[in-house]
Amino acid sequence: MPFHLESPRLVLRNFQDSDLETFIAYRNIPKVAIYQGWKLPYPREKALELFKNFKNKDTVEQGDWIQLAVELKADGELIGDVGIFVFRQDARQARIGFTIAPVYWRKGFAMEATMRLLEYLFDERNFHRVSADCDVLNTGSWKLLEKVGFRREAHHISSYPMGENQWNDEYVYAMLASEWKGKR
C-alpha cells in the first residue's frame, strides 16, 4: 500500500515518474537550494535515485527516512516535498523537513503539509518528540515552525557546511506530543 496522507488542499504521497521534471526544476532554483543540503545544479541522476528509493516506500521505521511528494488536490500539481527521519537511537522521535517551490510560497502550503505530518506522527503513530532545523537566515522556515508551535531549543553557531570554507548557523526546533495535544 503506498504512503498517502491528505489535508484539506494537499496530498502527501510517494513520488511518481511524472513528478520528475517538476521536482528537478524546483530543486534547481537557487533561492530554494540556498538553505538546503544539496548543491547546484541538482543532477537528474540524484533525482532518479531519490525516486527509486522512495516511490514504493509505504512507511518509515527506526533509523530510516522517507521523502514524500506534496501535491495539490485541486489539479494534481507537484508543489514540493517533505521528509521524515526516525531517529536510530529512539523510534519515538523524528525529524521533519519541507521544501516548497517558490511559486507556492506564502500561500500556507508548507504550514498545511507540516501540520499533516505532525498529525500523522503524533496522533497516528504516537511519537513522543518531533524536531526540525533550519538555517537562521531562512526566516520563512523558522517563522513557520514557531507559528505551528515548535519551540526553539538551540542556536548552533557555524554548524552547517554551505560550501568550501563557509559555515552557517542553524536553529533547532522541537515539539513534544504533550505540547501538540495541548495546542489541539
Can you list residues whose amide H is under 5 Å from residue 168's amide H, if they're 5+ apart or on another chain and H is modeled 1.01 Å from N?
159, 160, 162
Can you run phi through the Karplus equation (6.51, -1.76, 1.60; θ = phi - 60°) for the range 53-68 and list ³J(HN,Hα) in whole Hz, with x for Gly and Pro?
6, 10, 6, 10, 6, 10, 7, 10, 10, 3, x, 10, 9, 9, 10, 10
Could you go through the range 77-84 in sequence order and give the Karplus-derived ³J(HN,Hα) for each residue, using 6.51 cos²θ - 1.76 cosθ + 1.60 with θ = phi - 60°, rounded to whole Hz, and x for Gly and Pro?
6, 6, 10, x, 8, 10, x, 10
Show the residues, 5+ positions off or on another chain, whose built amide H is closer than 5 Å to the amide H of residue 80.
70, 101
With label points set 7 Å from each Cα along the Cα-to-Cβ direction at residue 36 and residue 137, the distance between them in nm comes to 1.7 nm
Phi-derived 3J(HN,Hα) across the range 176-181 with the Karplus relation (6.51, -1.76, 1.60, θ = phi - 60°), rounded Hz, x for Gly and Pro, is 8, 4, 5, 5, 4, 5
Local charge sum around residue 33 (other residues, Cβ-Cβ under 11 Å, Lys/Arg +1, Asp/Glu -1)?
+3
Contour minus Cα-Cα distance for residue 178 and residue 91 (0.36 nm per residue):
29.6 nm
Taking only Cα atoms and a 10 Å spring cutoff, compute GNM fluctuations for the chain and point out the largest among 25, 74, 174.
74
Calculated FRET efficiency for the pair residue 157/residue 4, C-beta based, R₀ 45 Å, to 0.05:
0.65
Which value in nm describes the separation of the simple spin-label points at residue 28 and residue 112, placed 7 Å from the Cα toward the beta carbon?
2.8 nm
Separation between Cα centres of the range 134-178 and the range 6-55, rounded to whole Å:
21 Å
Just want the answer: with Cβ charges of +1 for Lys and Arg and -1 for Asp and Glu, which residue in 115, 87, 1 is farthest toward the dipole's positive end in the chain?
115
Could you give the dipole magnitude of the chain about its Cα centre, charging the beta-carbon of Lys and Arg +1 and that of Asp and Glu -1, in debye to the nearest 20?
400 debye
Gaussian network model of the chain, Cα within-10 Å springs - most flexible of 21, 71, 112:
21
Max mean-square fluctuation residue, GNM over the chain, Cα-Cα springs under 10 Å, options 166, 67, 16:
166
Near the amide H of residue 10, under 5 Å away, which other amide H atoms are found, from residues 5 or more places off or on another chain, if H is placed in the peptide plane?
73
Relative contact order [Cα under 8 Å, 6+ residues apart], the range 4-183, whole percent
17 percent
Mean shadow area of the range 4-183, taken as a quarter of the surface of its Cα convex hull (nm²)
10.2 nm²
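Every read-out reported here was derived from the displayed coordinates using simple, explicitly stated rules and does not represent laboratory data. Bear in mind that the values here come from a model prediction, so they are computed numbers and not experimental data. As a convention, Cβ positions derive from the backbone with ideal geometry for all residues, glycine included, and neighbour counts pool all protein chains shown.
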